[in-house]
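Worksheet: the structure to be examined is printed underneath.
The values are calculated or read from the model by the stated rules, or taken from the named source; none is laboratory data. Being a predicted model, the structure only gives us computed values, none of them experimental. FYI the Cβ positions are ideal-geometry reconstructions off the backbone, even for glycines, and counts take in every protein chain you see.
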Amino acid sequence: MVPSSDLCELTLKFHIPIPKTRRKVDGTPTSKLTPTCRYDLDNLAKAVMDCLQGEDCILVDDRQVVKLTASKAWTECEVGGCEIKVKFL
């Protein structure tokens, strides 16, 4: 695979597992949890961008990203994850 040198827009959505200590906020199943956790959004985004660049990846360098949209949300899954969307311009 040859990495692209085109500019791109990057959209990241991080799925953070709900800590067991936060599962019972107010006792109702519809309680809204805000994903304020130890994972800083900027650090998560930087880690993904670092993984996307290099010889065996899709980007030559993370400087190609001209627009970055990142969010995080709780997930009921035990293991978290990240949805990654890259739009080359």
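Things to note:
- One residue stands out among those in segment 50-75 that are in contact with a Pro (Cβ under 8 Å, 6 or more places away or on another chain) and within 18 Å of ILE16 (Cβ to Cβ): the one that is surrounded by the most Cβ atoms within 10 Å (Cβ to Cβ), which is LYS72.
- Selection status of THR34, farther than 28 Å from VAL86 by Cβ, at pLDDT below 85 and either among the aromatic types (Phe, Trp, Tyr) or exposed (fewer than 15 other Cβ atoms within 10 Å of the Cβ) (or both): no
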